[in-house]
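The values are calculated or read from the model by the stated rules, or taken from the named source; none is laboratory data. Just so you know, these numbers come straight off a predicted model, no measurement behind them. Neighbour counts run over all protein chains shown; Cβ positions are idealised from the backbone, glycine included. Side chains included, ligands, DNA and RNA excluded: accessible areas come from the protein's heavy atoms. Shrake-Rupley method; radii C 1.70, N 1.55, O 1.52, S 1.80 Å.
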Amino acid sequence: MQRKHSRHTGHLARSTRLVGFAAVAAVGLSVANAAYAEIDWMQQSGSKINLLLISHPFVDSLKPLLPEFTAKTGIEVTFEELAEQPGFEKLLADLSSGTGTYDAFMTSPLNNWQYATAGWLEALDGFIDNPALTDAEAYDIGDFAPGILASGRWTREPMKGIGEGSLWGLPINFETYQLAYRPSILKELGLEVPQTYADLLAMAPKLKAEGPNGAIYGIITRFDKYWDLPYLTFGTMLQSYGVEMVDEEGNLQICSPESIAATTDFVELIRTASPEGAGAFTWDQAMQGFASGQYIISLDEANLFAPVYEDPSQSAISDDVGYAPTPLGPDGKRSAGAWVWSMSMNSASKNKDAAWLFLEWLTSKETMIKTHLGGNMNPVRASAWANPDVAALVESWGEHPGQYREVAEEMAKVAGVNFPPHPELTRMLDRWAEAIQQSYFDNGNVEENLCAAQADVARMLGN
Amino acid sequence: MSGHDVEAYRRGWRARLTYWGMLVPALVILFSSLYPFLQGILTSLTNRKLYLQTEDFIGLGNFETLIHTPLFWTALGNTLIYAVLVVVIQIPLGLGFALLLDVPSRVRSFFRTTVVLPLLVPPVVAGLMWKTMMQPQSGVLNWLLQAVGLPPFSWLTDPSTALISVVLIDAWVFTPFAVIIFMAGLQSVPPEIEEAGRVDGANAWQIFRLIRLPWLVPYIVLVALFRVADSLKQLEIIYATTRGGPLNATRTLHIMAYEEAYRWSNLGRAMAIVFVLWLICYLISGLLLALWQKQEKARYAV
Amino acid sequence: MRSSLTARKTARTALLTIGYVLMACFVLFPIVWILMMSFKQFGDIIAYPPRFLFSPTLDNYEQILFGSEAEQAAGQMPNFLGNLINSIIISGGAVIVSTLIGVPAAFALARGALLGAVHVRFTVLSFRFGPELAIILPLFLIYKQIGLYDSYVGMILVHQLITLPLVILITTGFFREVPVEIEEAAVLDGAGIWSTLIRVLVPTVMPGIASAMIIAFIFSWNNLVFGLVLAGGETRPVTMGILQAMTFDQIRWGQMAAAAMVAAVPGMIAAVWFQSRIIRGLTLGAVK
């Protein structure tokens, strides 16, 4: 069944690498046409737009900037802010209702594959190319990291065509994954930051300590039953073991020998070095647990938790935290998942031009830099990384100056969306995550679980 | 004349018309919910998905798929176990509390007031409150357990303990319902029967066992009826705490249907699950309702 | 003999004390703990071992009711306050509609001696027993079509499924307790059914109607599922607002606790002030 897809599935078109922002700065090619004049920002004055925002530091950084937008354009902005899960449920309900309640909303490529299939998204190319609406020179679309921008393009054909076709969303930040560790405790234990997963497995039994508030455990990472497990965090480990959901011939790799090895090692790591209950940790518990000082290593977790770790009002470890790239796989490979928060426009919106002006303003160089300074990590524009204020902000993070930035740059080189676009990909990944959880909770062996999941996913693809 | 008037007021055709007129708006509102219900049954016969404009009639296809989905059977099992645990825990606990509150004491009125509190707290709030307290490492419950020398418990985070933990939250919210029904039941025990028992030299246990408990049977059935019906379709506490996890330990049919619809946008299959659940609710509560009516009839016949 | 009596009395007191302590722990501890949490700063919340003594702060309440500084700067009403107002409109509206429709219906059921009244009662009761999603998932599609999705009217209508059966069942119980003679006196004075109901019976059972309204209000207020499926941003109720407090950069436990306390206020006030009436209402709604 899957073989049938293979003929149409070119590897490059299926996945997208984000390309490090260090490299991006050098590329910086501009499609600007000097003939375009500044646009009339007041053209939609008096209209109103409504946004759906998913709670995120980005949102906190955006709120104080909204009056600036209203002053500049005369467009009134209202928004709703929801937590992630209820937020995406509500978005699905609302988009399917076709009422256009939200003119624009926060989303990501993964979610957009379903929304675009349904016809709920407005393609953005027309707005970008319209000189009356977009000042191409100032907007400078070539300033976006090409890989990150390309992850928002798709031809709407299942299993292929990512990075091609229409642009369905504009990136506002991206996260990839890293190790965070407690330098003082590793030193006390006489351990080094692990370079490979084998190193980490070997040191796992030694990762324990006593802290002022009781036991300090070895490893924390999210481990819930949802798609973010194989897609993002554990996905980073999987990909470093050489596993992609679909290989170049179009075969599912969920129960490949590499996947079984990665899953076995992961389960062992968690069993050895994580406390009871680790099998139900969500990202928030993973972040809060590490910030509270109860863990030595945060394994392959989002690098944008760093602002929380570094903030003394939210963290007990702000003066004792270091960052490192994720460990290397058995063949010395490092690869990483990526999450790109994007803004998309509702095709049922009644204020599309006003909504576009908002998106244009929001993702402009100036506004993006302001959000980064307000805590929105990580930048997706080369100009933002080059900005001295942004650079100064992240400079202090880590065990030594510049550590966070070095690690983030290293990880961005290998981060990518290595999954085939499909409107029901989240469901398939949920099923995969379930198999990983079953293996942790001793529900059958790893191979059985993964192969059963693969069979189910194959069935979903067959539909 | 007057007797006749009262009779006409009560039974005349005009009176009847007026009474029905009073009843009709309420019935219209309640019965109008049958329309979406029937629509839902139709949807359960299609492959309707939220993100596709088209839908095809697939007969009993969704139900067939469910039969071959192991998760469906897990969820069905969880649903039934949840309901059984609720009854097994809440009826004895509620009875104990009600007996305690039946004994005159200085603090009784304070506790009669506070015992209803959990029932009036939104279940989703209760879920979040308990989830906070049940955190395995940082939660206050494990700290308390360790303070009295017991090992920590994994609560909501392990498949083997998650369901019972959710049931415990359910018990916190809804045991007060059992308590107030049983308090009413205890107050309705005719004092002369109890007095007679005491004169015959029965001790407190015998009075409970031989007089009060039999008297309370219809009340127990009533509590079982409401608690079973509500717990078969419990959604809010689970949604606020585990959303069906870890693994699928707390995945009940209602939660499964919700995720099928709003996580996976598969509306047709979601409706099929809901319809199966509806059938179970209807059968079980119908059974208990019949049992209760029988009890009531027996009592009033005496 | 005397000493054994004293011993028995002591044992009894001990047993009672143990019972009350257990009950207090089980019933009250969670509420007290979350109440404390709502007055804690973040550092005190994540501290382990848990802190029972801390310097209290009103920050959490300020944040959820008046918004963060950023929200204030943006002139945005904090979501939670909007959710509170939505809940007041929806639950208040639903209870008023249910009272206007349900009280006459209850009277007809209690006094009408109608053929099939028993069946009607059970039918009304049975609306409690089905899973909500059986009705509201398809209702979501219907509401979308007729434009009632995310509207107060739509929400008030669907909340009738909660409030109307409660009002009918509880007030029927209260009506039944009124001696028939009171009505007969009114009828002898030439009053019709409606005027008997309005002038004589409603004033008599007013406390009962009030407790039915309070109970219906609380159960409507506490509901999450309807809001989850049928409410959008315009009408999102307070129970949804609380789920929202768990956000990206931290689980805002303190704010969640404060929001939980605010959301539980109607229930708590009712429990403390109208205690006996609520209990009677709940009992009547179920038993009679």
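Is it the case, given these coordinates, that A:ASP319 is open to solvent by 10 Å² or more (accessible area, probe 1.4 Å) and not assigned by TED's automatic domain parsing to the domain that holds A:THR107? Criteria met by A:ASP319. Within the stretch A:268-280, the set of residues being touching a residue at least 24 places away in the same chain (Cβ under 8 Å) and either surrounded by fewer than 20 Cβ atoms within 10 Å (Cβ to Cβ) or not assigned by TED's automatic domain parsing to the domain that holds A:TYR231 (or both) comprises A:GLU268, A:ARG271, A:THR272.
Of the helices (runs of 4 or more DSSP H) entirely within the stretch B:40-141, those holding at least 1 residues that are surrounded by fewer than 17 Cβ atoms within 10 Å (Cβ to Cβ) occupy B:61-67, B:70-102, B:108-114.
Residue by residue, here is whether (1) closer than 30 Å to B:THR241 by Cα; (2) within 14 Å of chain B (Cβ to nearest Cβ) holds:
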position: A:GLU122; (1), (2): no, no
position: A:LEU149; (1), (2): no, no
position: A:ILE172; (1), (2): no, no
position: A:THR176; (1), (2): yes, no
position: A:GLU188; (1), (2): no, no
position: A:GLN195; (1), (2): no, no
position: A:ARG222; (1), (2): yes, yes
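Of the residues making up the stretch B:66-101, those that are in contact with a helix residue (DSSP H, G or I) (Cβ under 7 Å, 6 or more places away or on another chain) and β-branched (Val, Ile, Thr) are B:THR79, B:ILE81, B:VAL86, B:VAL87, B:ILE89, B:ILE91. Determine whether C:THR10 is more than 8 Å from chain B (Cβ to nearest Cβ), loosely packed, with under 12 Cβ neighbours inside 10 Å, farther than 18 Å from B:MET133 by Cβ and without any contact (Cβ under 8 Å) to a residue 40 or more places away in the chain. Criteria met by C:THR10.
Residue-by-condition table, conditions (1) in the same structural domain as A:THR363 (by TED's automatic domain parsing); (2) modelled with pLDDT of 90 or more; (3) open to solvent by less than 10 Å² (accessible area, probe 1.4 Å):
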position	(1), (2), (3)
A:ASN130	yes, yes, no
A:GLY147	yes, no, yes
A:ARG182	no, yes, no
A:ALA204	no, yes, yes
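Could you go through the stretch A:289-296 and let me know if any residue there is farther than 25 Å from A:MET377 by Cα and either free of Cβ contacts under 8 Å to residues at least 24 places away in the same chain or buried (at least 24 other Cβ atoms within 10 Å of the Cβ) (or both). Can you show your working first?
Kept after step one, since they are farther than 25 Å from A:MET377 by Cα, are these residues of the stretch A:289-296: none.
Looking for residues that are farther than 25 Å from A:MET377 by Cα and either free of Cβ contacts under 8 Å to residues at least 24 places away in the same chain or buried (at least 24 other Cβ atoms within 10 Å of the Cβ) (or both), one finds none in the stretch A:289-296, hence no.
The condition of being open to solvent by less than 20 Å² (accessible area, probe 1.4 Å) and outside any loop (DSSP other than H, G, I, E, B) holds for only one of A:THR426, A:THR371, that being A:THR371. Residues of the stretch B:161-186 that are more than 9 Å from chain C (Cβ to nearest Cβ), buried (at least 23 other Cβ atoms within 10 Å of the Cβ) and not β-branched (Val, Ile, Thr): B:ALA162, B:SER165, B:ASP170, B:PHE174, B:ALA178, B:PHE182.
Let's see how each residue does on (1) farther than 21 Å from A:GLY293 by Cβ; (2) of a type in the set (Gly, Ala, Ser); (3) in contact with a Lys or Arg (Cβ under 6 Å, 6 or more places away or on another chain); (4) part of a helix (DSSP H, G or I):
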| residue | (1), (2), (3), (4) |
| --- | --- |
| C:SER4 | yes, yes, no, yes |
| C:THR10 | yes, no, no, yes |
| C:THR13 | yes, no, no, yes |
| C:MET23 | yes, no, no, yes |
| C:PHE26 | yes, no, no, yes |
| C:MET36 | yes, no, no, yes |
| C:LYS40 | no, no, no, no |
| C:GLY43 | no, yes, no, yes |
| C:PRO50 | no, no, no, no |
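Restricting attention to the stretch A:257-294, the residues that are under 18 Å from A:LEU200 (Cβ atoms), within 14 Å of chain B (Cβ to nearest Cβ), assigned to a helix (DSSP H, G or I) and not small (Gly, Ala, Ser) add up to 4.
Summed over the stretch A:93-127, residues that are open to solvent by less than 20 Å² (accessible area, probe 1.4 Å), closer than 17 Å to B:TYR51 by Cβ and charged (D, E, K, R) total 1.
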